[in-house]
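Input: a single structure, listed below in structure tokens.
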Amino acid sequence: MLSTVTKKDIISLGFSPYQSQRVIREAKALLVERGCHFYSGKKISCVPVSVVEEILGIEVNKGGKDIKCL
């Protein structure tokens with residue numbers, strides 16, 4: 001199963017609301033560029049953890065409701 005991250009999850013890592021929104025936008029753009037046109041919709045607010053890890057350059061471990069930086 002694919003783990004996903006939302007804006008609130010990124011905020012819980014310590015990023016500002018603007019930064020977290022920017023990461024989600026960048027992740028969606030990257031996924032669309034790679035051929036996943038599903039992510040081009042406005043109402044899609046979660047993206048795969050692997051893409052966020054690639055953008056931020058850190059490993060994100062999402063266990064249960066908590067999201068932690070390794």
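The values are calculated or read from the model by the stated rules, or taken from the named source; none is laboratory data. Fair warning: this is a prediction, and the values are worked out from it, not measured in the lab. Note that we place each Cβ from the backbone using ideal geometry, even for glycine, and neighbour counts take in every protein chain shown.
Can you name every residue in the stretch 10-20 that is in a helix (DSSP H, G or I) and under 19 Å from Asn61 (Cβ atoms)? Lay out the reasoning, then the answer.
Step one: filter the stretch 10-20 for residues in a helix (DSSP H, G or I), giving 10-12, 17-20.
Correct list: Ile10, Ile11, Ser12, Ser20.
For (1) outside any helix (DSSP H, G or I); (2) at pLDDT below 90; (3) of a type in the set (Lys, Arg), each residue gets a yes or a no:
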position	(1), (2), (3)
Lys8	no, no, yes
Arg22	no, no, yes
Arg25	no, no, yes
Gly35	yes, no, no
Glu53	no, no, no
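Only residues that are among the hydrophobic types (A, V, I, L, M, F, W, C), assigned to a strand (DSSP E or B) and either in contact with a Lys or Arg (Cβ under 6 Å, 6 or more places away or on another chain) or modelled with pLDDT of 50 or more (or both): list them for the stretch 55-70, please. Steps first, please.
Taking the stretch 55-70 first, the residues among the hydrophobic types (A, V, I, L, M, F, W, C) are 55-56, 58, 60, 67, 69-70.
Now narrow it down to the ones that are assigned to a strand (DSSP E or B): 60, 67, 69.
Within the stretch 55-70, Val60 is the sole residue that qualifies.
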(request) Scan the stretch 37-47 residue by residue and report those that are over 18 Å from Glu59 (Cβ atoms) and part of a strand (DSSP E or B). (result) Cys46
(request) Please state which of the following conditions Arg25 fails to meet, knowing it meets all the rest: (1) exposed (fewer than 13 other Cβ atoms within 10 Å of the Cβ); (2) under 15 Å from Thr6 (Cβ atoms); (3) in contact with a strand residue (DSSP E or B) (Cβ under 9 Å, 6 or more places away or on another chain). (result) (3)
(request) Mind listing whichever residues of the stretch 26-36 are farther than 14 Å from Glu53 by Cα and under 12 Å from the mean Cα position of the chain (by Cα)? (result) Ala29
